[in-house]
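This report refers to the structure that appears directly beneath it.
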Amino acid sequence: MAKEKEMSEPAAMQRKKFAVQLSSGMKDVGKIKSAIMFATIAQCSGCDAVVYCVQDGADAVIKGKIREEGTLPPGVATFEQRLADALAVGVKFQLCQQVAVNRGLKKEDLVEGTEILGGIHLINYALEYDGMLFF
């Protein structure tokens, strides 16, 4: 029985990988909040979750670009709440390197912890990860 437990532990410890590709921007904050919410749910469900931002999705990781605090009815989650929740549970945020170049964005312009990475990472997620959503 102890040997059986030892063999199953590495499999149990191995977390699934989940990616969200975000290309929607501040013109559709609802999609941004949904993308972040699903990444947070995945992270809390035993996955390592990443939100990879392309095109207008960059809006989600630019400091202060989207502000909803105080503009929504009580009980409705704001962008700021969704982002804080995601960061608190360990969701990773990444910005496409070419988008950063095109928009003149530097690491200091971005939400803390956001990485700027090449598009090959998104291709890798599509080919290798256990699950992926697109917003």
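Read-outs throughout are calculated quantities, based only on the coordinates presented, and are distinct from any laboratory measurement. Everything quoted here is computed from the prediction, not taken from an experiment. Heads up, the Cβs are rebuilt from the backbone with ideal geometry, glycines too, and the neighbour counts pull from every protein chain shown.
Maximal additional length on extending the residue 72-residue 130 stretch stands at 17.4 nm, based on 0.36 nm per residue less the C-alpha distance.
Between the helical axis of 29-44 and the longest alpha-carbon principal axis of the chain there is an angle of about 20 degrees. Looking at the chain, the pairs of alpha carbons with a distance over 17 Å make up 60% of the total.
Evaluated with a Cβ-only charge set (Lys, Arg +1; Asp, Glu -1), segment 18-134 carries a dipole of roughly 260 debye about its Cα centre, given to the nearest 20.
Look at the dipole of segment 58-109 built from charges on Cβ: of 76, 95, 61, the Cα furthest out on the positive end belongs to 95.
Normalised by 2.2 N^0.38 Å, with N the number of residues, the alpha-carbon radius of gyration of segment 71-115 equals 1.42.
Between the amide H of residue 62 and those of 111, distances stay under 5 Å, these residues lying 5 or more places away or on another chain, with hydrogens modeled in the peptide plane.
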